[in-house]
1. What do you reckon, is B:ARG5 touching a residue at least 40 places away in the same chain (Cβ under 8 Å) and among the basic types (Lys, Arg)?
2. Against the condition buried (at least 21 other Cβ atoms within 10 Å of the Cβ), more than 19 Å from A:ASN107 (Cα to Cα) and touching a residue at least 60 places away in the same chain (Cβ under 8 Å), how does A:THR202 come out, does it pass?
3. Can you work out which of the residues in segment B:1-21 that are more than 10 Å from chain A (Cβ to nearest Cβ) and over 9 Å from the mean Cα position of the chain (by Cα) is surrounded by the most Cβ atoms within 10 Å (Cβ to Cβ)?
4. Of the residues B:LEU55, B:LEU36, which is within 11 Å of chain A (Cβ to nearest Cβ) and surrounded by 14 or more Cβ atoms within 10 Å (Cβ to Cβ)?
5. Please go through (1) more than 10 Å from chain A (Cβ to nearest Cβ); (2) closer than 17 Å to A:GLY394 by Cβ; (3) surrounded by fewer than 17 Cβ atoms within 10 Å (Cβ to Cβ) for B:ARG24 and return the number of the only condition it doesn't satisfy.
6. Being over 24 Å from A:ILE13 (Cα atoms), of a type outside the set (Val, Ile, Thr) and without any contact (Cβ under 8 Å) to a residue 40 or more places away in the chain, is that true of even one residue in segment A:68-84?
7. Within segment A:221-251, which residues are within 8 Å of chain B (Cβ to nearest Cβ) and of a type in the set (D, E, K, R)?
8. So is A:SER134 part of a helix (DSSP H, G or I) and within 14 Å of chain B (Cβ to nearest Cβ) or not?
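Read-outs throughout are calculated quantities, based only on the coordinates presented, and are distinct from any laboratory measurement. Keep in mind it's a predicted model, so treat the numbers as computed, not measured. Cβ: placed from backbone, ideal geometry, glycine included. Neighbour counts: every protein chain shown.
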Amino acid sequence: MNDISIISIFQGIATLAAGDTSIAIARIVLILLGIALVYLGAKNILEPLIMIPMGFGMATVNAAVLFLSAKTMGTIFVDPMISDPAQLMNIMQIDFLQPIYTFTFSNGLIACFIFMGIGVMTEVGYVLANPFSSMLIAICAELGTVLTFPIAVAMGLSYNEAASIAMVGGADGPMVLYTSLMLAKDLFVPITIVAYLYLSLTYGGYPYLIRLLVPKRLRGIQMDLSKIPNVTPGEKIAFSIITCTVLSLLFPVAAPLFMSFFLGVTVKEAGLKHYISFIEGPLLYGSTFFLGLLLGVLCEANTIMNPKILILLVLGILSLLLSGIGGIIGGYLMYFISKGRFNPVVGIAGVSCIPTTLKVAQKEVTQANQYAIIIPYAIGANISGVITSAILAGIYVTIVPVLK
Amino acid sequence: MIKKRIIYWVAGTSLAFGGVLVVRVMSQPLSGSSKLYALIAGYTISILGLFLITLGTRRKG
C-alpha cells in the first residue's frame, strides 16, 4: 500500500507550512478577521449586508489555499491578476467566481448596478427644493476627497493611487471601487476593502465627531419645514436627463456611473413599478451580496499583502475624517448664512454615505431636541453628496491620468 | 410665475451646455495655461447652469 501523506489530504493546512511564513501569518490573521467581520455583521455593529458575505469569503478563501501544481499554490475561487484572454478562458472553467468577477466586477458593472439601486431609492426633489444649502454642504463635505490627494502623493503614492484612496472621503463604496478599478487596478482590492471597512464604521464614529464639533444648543435647532417647495415628477425627470447628459459630456469616463444613478432616479419618478421593484430588490441586493462576497474572496493573503496597505489604512481614515469635518463646516456656513436658523448637524449628511450619515444626523439632533426634524434638508445634502462625489470621481478619472 | 420658471430652465440648460461647448470644443485648440483656464471656466459654467435649473423648481409647497 502506498504511503498516504497527511499533507496531501489536508492541503489547506499543508500550504500554511509550505509557503512563506509572513503569508502564512497573514492568512491566519485574515481568517480570524473574516470570522470577526461575520460576528460584527451579525450583531449589527458593522453593516451586515456587506460584512457577512465579505467575512465569509475572507475566512474561506484563506483557509482554502491548495497546491495547484507541484510548485504553485492558489485557490479555485478567483484569480484577479489574469489578463491574458486565453488564460482567462481557461481559468473561468476552473475558478467558480471568476465569471462573476470578470463580467461584473473588473469592468465596474456591479458598481453601476448598486448606483442604479441608490438612484431608485433617492428622492432628488429635496436637492431641487434646497439647491443652495444641499450643494454648499456637499462641496464642503468633499474636503477629505480633495485634501487627501496631495497628502497621499506626499506619502509616496502615485497620482493614480492617491486619487483612488482620496475617493474614500466621498464615502461612497461603488465610487471608490469604480475609481480604483480605473486608476489603480493593482491596488483596487486593498483600497476597496479599506473603504468598505471604514464606511461601515461611520455609523459608530461620526456621532462623536458631531458631539465634538457642534454644541448641544446648536444640535437642537428646529428647522422650518413649511418652506420646502414641492417639485413635480416631471421636473425631477427633466433635471435628471439634462444633468446626466451635461455631466456625461463633461466627464465621459464616469458616464456609466451618472447614467446608472439618474436612470434609477427617472425610473422611480416615472413610476415604473416593475422596474422599481426589480432594481431596488433583486438587482441592488444581489449586487451588494456579490460585491461583499467577491471583496472577501479577493482578500486572499497573496493578493492583499502589499507594503502600501498601512499607508492606505491611514489615508482612508484621514480622508473620511476630513470629509466629516468639511461637512460640518458646511453646516456652520449655512447656520451663519441663515442667521441661526439652520442646524449645522445637517452638514454631516453631506458625506454621501447613503443613508448612514443621514440617520446619524437625525439621531444626534433627536437626542438634543426630540421635536427637531432635519431629514428633508439632510436628504438634500446626502444626495448632493452622491452627485458631487460622482463629479469628483469623474474629475479624477479624467484628469489624473494626464498628470505627469 | 410659470414664465419665470421657464426662463430659469431655458437659461440653466443653455448655460450648462454652453459650458460643455467651452470644455469639449473651444478649449481643444488651446494649450498650456489658457487651456487650463478655459477648462475651469467651462466646468464652472456648466455646474452654474445646473444650479440655475434647480432655481426654476422653487415655489411654495
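1. On the way: touching a residue at least 40 places away in the same chain (Cβ under 8 Å): yes; among the basic types (Lys, Arg): yes.
Yes.
2. Criteria met by A:THR202.
3. For segment B:1-21, the residue satisfying everything is B:TYR8.
4. On the way: B:LEU36 fails: surrounded by 14 or more Cβ atoms within 10 Å (Cβ to Cβ).
Within the list B:LEU55, B:LEU36, the selection yields B:LEU55.
5. Only one criterion is unmet by B:ARG24, namely (1).
6. yes
7. A:LYS227, A:GLU235
8. Yes, satisfied.
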